[in-house]
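**Student:** This is the structure, below, for whatever I ask next.
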Amino acid sequence: MAKMGSLGRSGFLRKPNDTMRLIISTVVGVVFGFLIGISFPTVSLTKFTFPSSLFPSIDLTYIEDKNSGLSTQALLNHALTTLNKSSSTQAHNMNDTSKIYVSTNPRGAERLPPGIIVSESDFYLRRLWGKPSEDLTIRPKYLVTFTVGYNQKRNIDAAIRKFSENFTILLFHYDGRTSEWDEFEWSKRAIHVSARKQTKWWYAKRFLHPDIVASYEYIFIWDEDLGVEHFDAEEYIKLVKKHGLEISQPGLEPNRGLTWQMTKRRGDKEVHKETEERPGWCTDPHLPPCAAFVEIMATVFSRDAWRCVWHMIQNDLVHGWGLDFALRRCVEPAHEKIGVVDAQWIVHQGVPSLGNQGNTENGKAPWEGVRERCRKEWTMFQGRMAEAEKAYLKETGIPFNSTNR
């Protein structure tokens, strides 16, 4: 009991002492803080240094206490304005010392760092989700284009089935009917471009720029009225590579329709590069139409050859007549790099579908007006080529010889 009383007394004695110490410490702290506040009435936030990544050069002296009457929106506006000014100043300072101008960049991109420039494109379809690096399960190496009307859908369906997944499919629609092609499964992975009453060379000039199709080794630019029962695209590519052809076409069924001797299929060859046309038609056996010649209905171009041919296509001469005689200018030696693949052949069905897209004028049927323009374009193209060549040779001082054209 004596021990318990002793413990009780000591416990009761310590409690008021501890309380008194706490009270005294609090009072002293309040007084000391008051004295500090009087001695230093204003503390400037600008004395503090913040990481530039958090507050890049924002003037914090503008931020006052809540009693200043300055709204939160005003504070944010000022901060953003200051940040923009700071960024402009930093950019100006950087340009003063390391201004970017790379003359070897593509035209118009001289002010960009070379590492960001993407000068070529493709027709590869991309997803709207996931990693970009995982978009393509297969990267097509070749491109095939057809200029089509919906009335030829069965023929086009048969033709496209001859091309594997190694080919990107691009349809140019001259009749404006695009969604109806969805009845074919392959149409969902095809590219569809529509402009009414236009030709394949109009489309090619506007949508097949060399920098757009640069990812494809070969570009097929075909009509819609071709029978392909005896044609296999992969085998065709193998023969083109084997024989070093930069510009080519499949052989045409010799007993069907009117065609040049050069483009008729020969049954005893894989490929041929020259022929004997009518007497007197070829002043040189290495010149068209006896060599270095294919027609424009089912032409196949290598990537490099197409880069040249695209620049030769005229914007206003949409039918392309005369172009086949000039293709030789884009490869050298032309009589060795232009040829007809006999082992993979097609049939030209001669369907005048695009001709019917013309208008009736002066009592002439639509197809008559289209054919008349085709002939005029051939003459115009030949004239332009001759004048351009003549002007160049005159400028360079080389004698002009029409037989070398």
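**Student:** Non-local amide H neighbours of Thr147 (under 5 Å, H modeled in plane, Pro and chain starts lacking H): which ones?
**Tutor:** Those qualifying (amide H under 5 Å, at least 5 residues apart or on another chain) are Phe172, Trp222, Glu224.
**Student:** Counting other beta carbons within 10 Å of each residue's own, what order do Lys394, Lys205, Lys238 fall into, fewest first?
**Tutor:** Placing the least packed residue first, the sequence is Lys394, Lys238, Lys205.
**Student:** Where does the charge balance sit around Leu323 when Lys and Arg score +1, Asp and Glu -1, over other residues with C-beta under 13 Å from its C-beta?
**Tutor:** Within the 13 Å Cβ shell, the charges total +2.
**Student:** Neighbouring Cβ atoms within 10 Å as the yardstick, rank Val340, Val240, Val351 fewest first.
**Tutor:** Val351, Val240, Val340
**Student:** Out of all Cα-Cα pairs in the stretch 325-383, roughly what percent, to the nearest whole number, are more than 13 Å apart?
**Tutor:** 74
**Student:** Can you list the residues, at least 5 places off or on another chain, whose amide H is less than 5 Å from the amide H of Ala214, using H built in the peptide plane?
**Tutor:** When sequence neighbours closer than 5 places are left aside, the close amide H contacts are Ser121.
**Student:** Oh, and also: Along the charge dipole of the stretch 135-359, Cβ charges K/R +1 and D/E -1, which of Leu258, Ala292, Gly322 sits furthest on the positive end?
**Tutor:** Among Leu258, Ala292, Gly322, the one farthest towards the positive end of the dipole of the stretch 135-359 is Gly322.
**Student:** Arranged by the count of other C-beta atoms within 10 angstrom, fewest first, what order do Ser187, Ser164, Ser133 take?
**Tutor:** Ordered by Cβ neighbours within 10 Å, fewest first: Ser133, Ser164, Ser187.
**Student:** Also: Provide the net charge surrounding Gly149, with neighbours chosen by a C-beta distance below 13 Å and charges set as Lys +1, Arg +1, Asp -1, Glu -1.
**Tutor:** That works out to +1.
**Student:** Could you bin all the Cα-Cα distances of the stretch 265-344 into 10 Å bins starting at 0 and give me the percent of pairs in each, rounded to whole numbers?
**Tutor:** With a bin width of 10 Å, the distribution comes to 18, 49, 29, 4, 0.
**Student:** Using only the alpha carbons, work out the radius of gyration and Dmax of the stretch 135-359 in angstrom.
**Tutor:** 16.8, 57
**Student:** When ranked by the protection proxy of mean other Cβ atoms within 10 Å per residue, highest first, what sequence do the peptides 376-383, 146-153, 188-195 form? Display every interim value, and only then the final one.
**Tutor:** On the way: 376-383: 15.6, 146-153: 19.5, 188-195: 14.1.
Going by the mean number of other Cβ atoms within 10 Å, highest first, we get 146-153, 376-383, 188-195.
Any read-out appearing in this document is the output of simple, stated calculations on the displayed coordinates, not a laboratory observation. Nothing here was measured: the structure is a model prediction, and the numbers come from that model. Please note: Cβ atoms are built from the backbone with ideal geometry, for glycine as well, and neighbour counts cover all protein chains shown.
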